[in-house]
Amino acid sequence: MARASSRVVGADPVIRIRDLSFSYGDTLVLEHVDLSIERGEFVGLIGPNAGGKSTLLRLILGLLDPQIGEISVLGRPPGQMSRQVGYVPQFPSFPRDFPISVEQVVTMGRLGIGSFLGWYRSADREIVRRALSEVDASDLAGRPIGTLSGGQLQRVLMARALAGDPEILILDEPTANIDQRGETSIFDLLARLNARLTILVVSHDIAFISDYVSRVACLNRTLKCHPTTSVDGDAIHQLYGDHVRLIDHSH
């Protein structure tokens, strides 16, 4: 059964990309990319390795500047809107054996908003508790981060992003190295979060995400958007060539 969000999206794009091209030296990574994501959408970004997905995310996050073309987030240059964008990386940006608790990791999401080094306002602590509750991880608050399973860690990283009270949530391969049950749990959670957040998720699991997202953006240097119903074998072949197989998750 399809589980894509049925909520009505807004008319004004929260992410707008126009004629964007980007190169690393002589290597052209993105070419004439156009993309508009409206408020309330749940968009899946797919494509082969080295197809430009990571570069596009860095541009949206304001970590890179466009060389050709334009990009705006909530109507402003991306670097000015970093607090309005929650980002969940594919891999943790800290060593798993670092002696820090789950609650402390989530509190990092308040950096630049609340206080630091233990001097938190009561409002910050309440936001952290709410973020953990929203991802069903309240019971993990006191656990050392290194003791978590892959699925638990992913929920904690999502809570860290939510603690910043973003309007847009961007996730890079949130279910990498997570089993199918955990994958379903994470995307069910994202579907609930989509009730109040615009979501952009990078994934390689094309068949699976089509049950959840409203559109699929296919990127391999250039970008094409499809409704989920039109992502068929021909579209995948054009994107990935012969080096891909579709997996049916319906059983």
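Here's the yes/no breakdown for (1) modelled with pLDDT under 90; (2) out of contact with any Cys (no Cβ under 7 Å at 6 or more places or on another chain); (3) more than 25 Å from E173 (Cβ to Cβ):
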{"position": "V73", "(1), (2), (3)": "no, yes, no"}
{"position": "G86", "(1), (2), (3)": "no, yes, no"}
{"position": "F94", "(1), (2), (3)": "yes, yes, no"}
{"position": "V102", "(1), (2), (3)": "no, yes, no"}
{"position": "T107", "(1), (2), (3)": "no, yes, no"}
{"position": "G114", "(1), (2), (3)": "yes, yes, yes"}
{"position": "A131", "(1), (2), (3)": "no, yes, no"}
{"position": "D139", "(1), (2), (3)": "no, yes, yes"}
{"position": "Q154", "(1), (2), (3)": "no, yes, no"}
Among the residues of the stretch 4-24, write down those that are surrounded by fewer than 14 Cβ atoms within 10 Å (Cβ to Cβ) and modelled with pLDDT of 95 or more. D19, S23, Y24
Could you check, for the stretch 233-245, whether at least one of its residues is part of a loop (DSSP other than H, G, I, E, B), touching a Leu at 6+ places or on another chain (Cβ under 8 Å) and either farther than 19 Å from V88 by Cα or modelled with pLDDT of 75 or more (or both)? no
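Within the stretch 169-186, is there a residue that is farther than 20 Å from I127 by Cα, in contact with an Asp or Glu (Cβ under 8 Å, 6 or more places away or on another chain) and buried (at least 18 other Cβ atoms within 10 Å of the Cβ)?
For the stretch 169-186, residues farther than 20 Å from I127 by Cα, in contact with an Asp or Glu (Cβ under 8 Å, 6 or more places away or on another chain) and buried (at least 18 other Cβ atoms within 10 Å of the Cβ): present.
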Could you say whether any residue in the stretch 203-218 is buried (at least 16 other Cβ atoms within 10 Å of the Cβ), modelled with pLDDT under 85, out of contact with any Cys (no Cβ under 7 Å at 6 or more places or on another chain) and among the acidic types (D, E)? yes
So in the stretch 78-108, with the set limited to residues that are touching a residue at least 40 places away in the same chain (Cβ under 8 Å) and small (G, A, S), which one is surrounded by the most Cβ atoms within 10 Å (Cβ to Cβ)? G86
A159 vs (1) at pLDDT below 95; (2) part of a helix (DSSP H, G or I); (3) aliphatic (A, V, I, L, M): all pass except (1)
Those residues of the stretch 162-201 which are in contact with a Pro (Cβ under 8 Å, 6 or more places away or on another chain), among the β-branched types (V, I, T) and either modelled with pLDDT of 95 or more or assigned to a loop (DSSP other than H, G, I, E, B) (or both) amount to V201
So how many residues does the stretch 46-69 have that are in a strand (DSSP E or B) and modelled with pLDDT of 95 or more? 2
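The values are calculated or read from the model by the stated rules, or taken from the named source; none is laboratory data. All values reported here derive from a predicted model rather than from experimental measurement. FYI the Cβ positions are ideal-geometry reconstructions off the backbone, even for glycines, and counts take in every protein chain you see.
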